[in-house]
Amino acid sequence: MALLNILEFPDPRLRTRAEAVTKFDEELKTLVSDMFDTMYEAPGIGLAATQVDVHKRLLVMDISEHKNDPMVLINPEILSSEGEEEMDEGCLSVPGYYETVRRAEKIRVRAQDQNGEFFELDADGLKAVCIQHEMDHLEGKLFVDYISNLKRDRIRKKLEKQHKQAARA
């Protein structure tokens, strides 16, 4: 079990666009395992590789109440979406803040598993929101990008102040 360091907004590395995963090897499986350990410990329901400073198109998630339904999506792409819903979102990279974000209500996703096998899945509700949120990270985008500049700047300034105080401690 290895816990990875989660980058926090406004760290510029969170803005890096992830590259496709091309090697499905033991190193990848270790990364997936470490990402699950990190996500569960945080605690969170989703984590993109970008958040742990690995710029590969990989995300892990588990929205189940008992943390017993882990999902891995590698090189995910949204094939279709429909509807619209608003949900309060938080993020391990923006700790302590929640804002209402509008996203597609239902999506169909194509991705690969840890072994490189392709699969498709339909998602709605929290699962659809979580997938879209984590996929945004792979594009260098954060949920705060969906809110007003004023709110985003306020959050950025508060987190920068916290980081400075933590560095001095």
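The values are calculated or read from the model by the stated rules, or taken from the named source; none is laboratory data. As the structure is a computational prediction, the values presented were derived from the model and not from experiment. Heads up, the Cβs are rebuilt from the backbone with ideal geometry, glycines too, and the neighbour counts pull from every protein chain shown. Accessible surface is based on the protein model in full, side chains and every heavy atom, while ligands, DNA and RNA are left aside. Shrake-Rupley method; radii C 1.70, N 1.55, O 1.52, S 1.80 Å.
Checking each residue in the stretch 80-93 for being over 12 Å from H133 (Cβ atoms) and loosely packed, with under 12 Cβ neighbours inside 10 Å picks out S80, E82, G83, E84, E86.
Going by what's in this entry, would G96 be described as in a strand (DSSP E or B) and surrounded by fewer than 15 Cβ atoms within 10 Å (Cβ to Cβ)? Steps first, please.
Values: in a strand (DSSP E or B): yes; surrounded by fewer than 15 Cβ atoms within 10 Å (Cβ to Cβ): yes.
Yes, satisfied.
Do we have L138 as over 17 Å from I78 (Cα atoms), touching a residue at least 24 places away in the same chain (Cβ under 8 Å) and open to solvent by less than 70 Å² (accessible area, probe 1.4 Å) here? It would help to see each step written out before you state the result.
Details: over 17 Å from I78 (Cα atoms): no; touching a residue at least 24 places away in the same chain (Cβ under 8 Å): yes; open to solvent by less than 70 Å² (accessible area, probe 1.4 Å): yes.
Criteria not met by L138.
Among the residues in the stretch 24-35, are any touching a Leu at 6+ places or on another chain (Cβ under 7 Å) and of a type in the set (G, A, S)? No - not one qualifying residue is present in the stretch 24-35. E105 meets the stated requirement of being of a type in the set (D, E, K, R), more than 23 Å from P70 (Cβ to Cβ), in contact with a strand residue (DSSP E or B) (Cβ under 7 Å, 6 or more places away or on another chain) and open to solvent by 50 Å² or more (accessible area, probe 1.4 Å).
Only one residue in L59, L73, L79, L31 is in a strand (DSSP E or B), over 12 Å from the mean Cα position of the chain (by Cα) and modelled with pLDDT of 95 or more, so which one is that? Answer to the check: L79.
Under the condition of being loosely packed, with under 14 Cβ neighbours inside 10 Å and within 15 Å of the chain's Cα centre (by Cα), the residues counted in the stretch 1-12 number 1.
Scanning the stretch 61-88 for residues that are in contact (Cβ under 8 Å) with a residue 40 or more places away in the chain and of a type in the set (A, V, I, L, M) gives M61, I63, V72, L73, I74, I78, L79, M87. For the stretch 112-124, the criterion of a residue being open to solvent by 70 Å² or more (accessible area, probe 1.4 Å) and aliphatic (A, V, I, L, M) is satisfied by no position.
Quick one: would you say H163 is open to solvent by 20 Å² or more (accessible area, probe 1.4 Å), part of a helix (DSSP H, G or I) and either out of contact with any strand residue (DSSP E or B) (no Cβ under 8 Å at 6 or more places or on another chain) or of a type in the set (D, E, K, R) (or both)?
Working: open to solvent by 20 Å² or more (accessible area, probe 1.4 Å): yes; part of a helix (DSSP H, G or I): yes; either out of contact with any strand residue (DSSP E or B) (no Cβ under 8 Å at 6 or more places or on another chain) or of a type in the set (D, E, K, R) (or both): yes.
Answer is yes for this residue.
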